[in-house]
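The values are calculated or read from the model by the stated rules, or taken from the named source; none is laboratory data. In this text the structure is predicted, and so the values were computed from the model without any measurement. Every residue, glycine among them, receives a Cβ derived from its backbone with ideal geometry; neighbour counts consider all protein chains shown. Remember, those area values only see protein heavy atoms, side chains included, never the ligands or the DNA or RNA. Shrake-Rupley method; radii C 1.70, N 1.55, O 1.52, S 1.80 Å.
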Amino acid sequence: MSEKFIPPFKGRSLLTWLDYEPEEILQFLDIAFQVKKEKTNNEIHQRFLGKTIALIFEKRSTRTRCSFETAFGEEGGHPVFLSSQDIQLGGKESVEDTARVLGRMFSAIQFRGFSQKHVETLAKYSGIPVYNGLTDEYHPTQALADVMTLKENF
């Protein structure tokens, strides 16, 4: 994968795999395998240099937090962790207002929480890509990792 490669889903949110065609999901997998191979070969890339991602966690998780923080940082970006103790998501500030504010400050948002409606609202009002790190309905990032494991082992 060259540094200049721009996938056709650049700028799109990942809220559920239902929003993607099977060919696009296969392309996600191809890119994931390529990035994993580069990491194994100790290749350093800075594809997210100058980018920031807000990592919103209503639900705690060791693996999801570490995966997003490490991957984004290793690619040159700056991850910012925001727990439900740090922000007023849906409390004093509406989800729509939070989305607008974060959309002005960040390049992307990852959301791990309860409500699928919250992740959809963040995507609708932020103007930046939003990645579903888990809701009560979908877990597309875990599904991608699971399919990768299956393909590697079977």
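In the set (1) assigned to a helix (DSSP H, G or I); (2) in contact with a His (Cβ under 8 Å, 6 or more places away or on another chain), Phe111 fails one condition alone, (1). Evaluate the range 113-121: report whether one residue or more is under 14 Å from the mean Cα position of the chain (by Cα), touching a residue at least 24 places away in the same chain (Cβ under 8 Å) and closer than 25 Å to Arg47 by Cα. Checked against the condition, which is being under 14 Å from the mean Cα position of the chain (by Cα), touching a residue at least 24 places away in the same chain (Cβ under 8 Å) and closer than 25 Å to Arg47 by Cα, the range 113-121 yields at least one hit. Against the definition (part of a helix (DSSP H, G or I) and more than 17 Å from Ser84 (Cα to Cα)), how does Leu144 come out, yes or no? The answer is yes for Leu144. Checked against (1) surrounded by fewer than 16 Cβ atoms within 10 Å (Cβ to Cβ); (2) in contact with a strand residue (DSSP E or B) (Cβ under 6 Å, 6 or more places away or on another chain); (3) among the polar types (S, T, N, Q), Gln27 passes all but condition (2).
Here is a check on your reading of the model: is Arg65 out of contact with any His (no Cβ under 6 Å at 6 or more places or on another chain), open to solvent by 80 Å² or more (accessible area, probe 1.4 Å) and assigned to a loop (DSSP other than H, G, I, E, B)? In short, no.
Being among the polar types (S, T, N, Q) and assigned to a loop (DSSP other than H, G, I, E, B) is the filter; apply it to the range 33-61 and report the residue that is most open to solvent (accessible area, probe 1.4 Å). Only one residue tops the list, namely Asn42. Considering Phe68, Phe9, Phe48, the condition of being touching a residue at least 60 places away in the same chain (Cβ under 8 Å), within 17 Å of Tyr131 (Cα to Cα) and aromatic (Phe, Trp, Tyr) is satisfied by Phe68 alone. Annotation note: Cβ proximity below 6 Å between a residue of the range 76-100 that is over 18 Å from Arg60 (Cβ atoms) and surrounded by fewer than 18 Cβ atoms within 10 Å (Cβ to Cβ) and a residue that is modelled with pLDDT under 95 and not hydrophobic (A, V, I, L, M, F, W, C) (sequence gap 6+ or interchain) occurs for Gly76/Gln46.
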